[in-house]
Amino acid sequence: MEKMSRVTTALSGSALTGRTMHCHLDAPANAISVCRDAAQVVVAGRSIFKIYAIEEEQFVEKLNLRVGRKPSLNLSCADVVWHQMDENLLATAATNGVVVTWNLGRPSRNKQDQLFTEHKRTVNKVCFHPTEAHVLLSGSQDGFMKCFDLRRKDSVSTFSGQSESVRDVQFSIRDYFTFASTFENGNVQLWDIRRPDRCERMFTAHNGPVFCCDWHPEDRCGGWLATGGRDKMVKVWDMTTHRAKEIHCVQTIASVARVKWRPECRHHLATCSMMVDHNIYVWDVRRPFVPAAMFEEHRDVTTGIAWRHPHEPSFLLSGSKDSTLCQHLFRDASQPVERANPEGLCYGLFGDLAFAVKESLVAAESGRKPYAGDRRYPILFKRKLDPAEPFSGLASSALSVFETESGGGGMNWFVDTAERYALAGRPLAELCDHNAKVARELGRNQVAQTWTMLRIIYCSPGLVSSANLNHSVGKGSSCGLPLMNSFNLKDMGAGLGSETRLDRSKGDTRSDTALLDSSATLITNEDNEETEGSDVPADYLLGDVEGEEEELYPLDTEHVHPEEPEYVLPQEAFPLRHEIVDTPSGPEHLQDKADSPHVSGNEADTASLAPVDSSSSLLSVSHALYDSRLPPDFFSVLVRDMLHFYAEQGDVQMAVSVLIVLGERVRKDIDEQTQEHWYTSYIDLLQRFCLWNVSNEVVKLSTSRAVSCLNQASTTLHVNCSHCKRPMSSRGWVCDRVAVMVAIFSTS
């Protein structure tokens, strides 16, 4: 829906009137240009080349320059420019490499005037000299720029940018002989039209192709050059200094295809994108992240923008791939700053919290003190506002900073951990033990426990020390499985028969050996005393016993109760009838009783089985029949979630340290991009605290290519001669000039 607001502006006796309006074109437009009286606009594209009159209510087609029976590639335009001194003179850049001039004053239908066919590839840009009527400049995809005198048939100068493609050329408004050119390699060059052999100045402006440039129209800012590139940035350069100085940088959301300074507004410029984003933005370069105005009329990529008059900032014309020509009224533009969120939250490096919110939402507090800066290091930097700036009333926030206590908000733990952690050069078990000890000494008990758990999961059970298991395994254990090779026979006698009857009644066949539960914590120590602190009953092994099975497990088949109640073992499995005392060795004491597994009477009161060889023992446990530990891969999901937990909590140090220590055991379960993010975040923190050696070690130990290459960047050393102050040659450390002088002096 068209907006009905109108603007009338008086310009040197004439008035500009109009509103926001648009018209449909026959084909997509590639470029537009406005005549000097702001009454007409020319639209050019691959299939369109027309002139429209700009009236108060609408666009009216005046002239179609595509004439002839056969379509010609000379009419396929990539750019068009209208001379600002001669209202009848146009120039177009054709996609076939031809530069064409048009004379609208010719009486015939065909207005074509001259053809210049010196370029070998597509001409991307044409530009008339602002004060010289016969000088035309072109830039082509072939890497050359050519200057034409319209009174001659050939070019008068050729400029080689030593690059593949020239994307834009613009004559300086301030300097008569200077023009700027932009290239796909990111460079900007300044040339003097009188010296085509070399450029006057060259600098790298963008990271990637530079698609456009525009000189500031005002005299006081005549040395400002705005450039836009594929890196989504618009940069403003001060070219009046000895070296190009970047004074402003605007961050957009898409590649910048066109940039035009706004008339009568020193800090405003308009931009449009060559892909993705269809809107036109007007930026105040002093506020680089929020546009001052936005036009949203187009539904496809905007290909050309032009301010209607050099002294009128209210009207902006645009052409688009959606085959529309629009006139935008500045007062009808939306202002994104009105929809900007004035609230923000950020944590500082030392745990302080900065919170910005609308001033109307901040309750007045009598004891509230203004934030005067951090007492340790600067948390944030706030630029002093200029009272003349237009931003003060648009969106404002009140900033509050909540500082942590000086004793509890330090980062000494981070530095100490980084310096003391061991990440490589030792076995995995030692690395986990060392890092757990470091974390425990620094009061980080959760981290210490995590290292201990990783030690248990990924290391051999025989290497787990009792000190690190922390009540999980009792003292005296030398491996992850409690092996019981010493029992009190008297304790076993009471329950053995019942257990036999219970198993036989259920139809189970008792084998010579049984499995040992890995969760059992009933372990005998060196004094054959039961280990305390266990609530889980242990299973006992019956094996390596001489004699027949029926002798070991006598069963009275005549008095079997069909429904015998289920037998429940007590907490200690077998009740103790008296304290265990040391007795003589088992083999001599039980020599006469070897033919029977049962011991009764007074002999049972003193008999005990000591650790002996399995061939002569009645009841013994020689070794675990299988390793009942779960494989480390079973915990891979748990370890992965643990790393994500630490990273989300902000402890990226723990996440990276575990990644390095465990290596391929866990790295395969985390995607490469996440690992790279963790590495770069941790390295950035280390460098902030000037932990350069630790940072270098982390880079060396990382397996991410993007991180490893940080230590592979080359360093260039420039050496000048101490005598003549000239750069040294690459052939050695001896200056050629000084060497010649020394030779001359020595011969004289």
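The values are calculated or read from the model by the stated rules, or taken from the named source; none is laboratory data. All values reported here derive from a predicted model rather than from experimental measurement. Don't worry about glycine lacking a Cβ; one is built from the backbone with ideal geometry, like all the others, and counts go over all protein chains shown. The protein model used for the area step is the full one, side chains on, heavy atoms only, and it has no ligands, DNA or RNA in it. Shrake-Rupley method; radii C 1.70, N 1.55, O 1.52, S 1.80 Å.
Largest first, the residues Phe634, Phe179 sort by 1.4 Å accessible area into Phe634, Phe179. Given R0 = 51 Å, the distance between the Cβ atoms of Asp175 and Glu359 translates into a calculated FRET efficiency of 0.60.
What a 1.4 Å probe finds exposed on the range 230-350 is 51% carbon and sulfur by accessible area, rounded to a whole percent. Considering all alpha-carbon pairs of the range 58-170, what whole percent are spaced by more than 23 angstrom? Percentage above 23 Å: 26.
Loop-located chymotrypsin sites (Phe, Trp or Tyr not before Pro) in the range 220-312 (DSSP state not H, G, I, E or B) with no more than 14 neighbouring Cβ atoms inside 10 Å: Phe289.
Hey, for a label at Ala133 modelled as a point 7 Å past Cα toward Cβ, could you say which residues of the range 86-117 have their backbone N under 11 Å away? Counting only backbone N, you get 86-89. Two numbers describe the Cα atoms of the range 247-338: Rg and Dmax, which are 12.1, 37 Å.
Taking all protein chains together and rolling a 1.4 Å probe, His434 ends up with roughly 50 Å² accessible. When restricted to Cα atoms, the range 238-277 yields an Rg and a Dmax of 12.6, 38 Å, respectively. Peptides 72-78, 103-109 ordered by packing proxy, namely the average of other Cβ atoms within 10 Å per residue, highest first: 72-78, 103-109. Computed log10 I(q)/I(0) for the range 117-171 at 0.13, 0.14, 0.21 Å⁻¹: -0.28, -0.32, -0.71, from the Debye equation with unit scatterers placed on every C-alpha and solvent omitted.
With the convex hull drawn around the C-alpha atoms of the range 43-101, the volume per residue stands at 92 Å³. Modelled spin labels at Asp669 and Phe289, positioned 7 Å past Cα toward Cβ, are 3.7 nm from each other. Dividing the alpha-carbon radius of gyration of the range 186-333 by the rule-of-thumb value 2.2 N^0.38 Å gives 1.04.
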